[in-house]
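Here the structure is laid out as structure tokens; the discussion comes afterwards.
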Amino acid sequence: MIASAPDRTRGRGLYEQRCGTCHSESVHGRVKRVARNYDEIRAWVQRWNSTLELGWGTSEVEDVTVYLNDTYYRYTLPAGARW
């Protein structure tokens, strides 16, 4: 079974609802970024999902990751991504 493509719009909504209060463009737009590739963006989203006990599943984590990558980072998608 092929997984459906991440939903950038849902990712934006989740991010704005749960993360946007503390994070701003300055966090993602800074010159010295902590996340250096797509997988590291996902790792940070997963970390905060766990730390804040957001209860997001895999699809929500991927939605937020795609939103952040499309909006701020523009890293190459991981090998095998079909979206």
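Observations, loosely collected:
- Unmet criterion (only one of (1) at pLDDT below 95; (2) assigned to a helix (DSSP H, G or I)) for THR76: (2)
- Pairs with Cβ under 7 Å, 6+ apart, first in the range 60-77 and more than 9 Å from ARG42 (Cβ to Cβ), second among the aliphatic types (A, V, I, L, M) and in a loop (DSSP other than H, G, I, E, B): TYR73/ALA35
- In the range 3-22, the residues that are in contact (Cβ under 8 Å) with a residue 60 or more places away in the chain and under 15 Å from ASP70 (Cα atoms) form Cβ pairs under 8 Å with partners that are assigned to a loop (DSSP other than H, G, I, E, B) and of a type in the set (D, E, K, R), at six or more places apart or across chains, as follows: ALA5/ARG82.
- Hits in the range 28-42 (condition: surrounded by 14 or more Cβ atoms within 10 Å (Cβ to Cβ) and in a helix (DSSP H, G or I)): HIS28, TYR38, GLU40, ILE41, ARG42
- Candidates in the range 50-83 are the residues that are of a type in the set (S, T, N, Q) and surrounded by fewer than 19 Cβ atoms within 10 Å (Cβ to Cβ); of these, the one that is farthest from HIS23 (Cα to Cα) is THR76.
The values are calculated or read from the model by the stated rules, or taken from the named source; none is laboratory data. The shown structure was predicted, so the numbers you read here are calculated from the model rather than taken from an experiment. With ideal geometry, Cβ positions are generated from the backbone for all residues, glycine too; neighbour counts draw on all protein chains shown.
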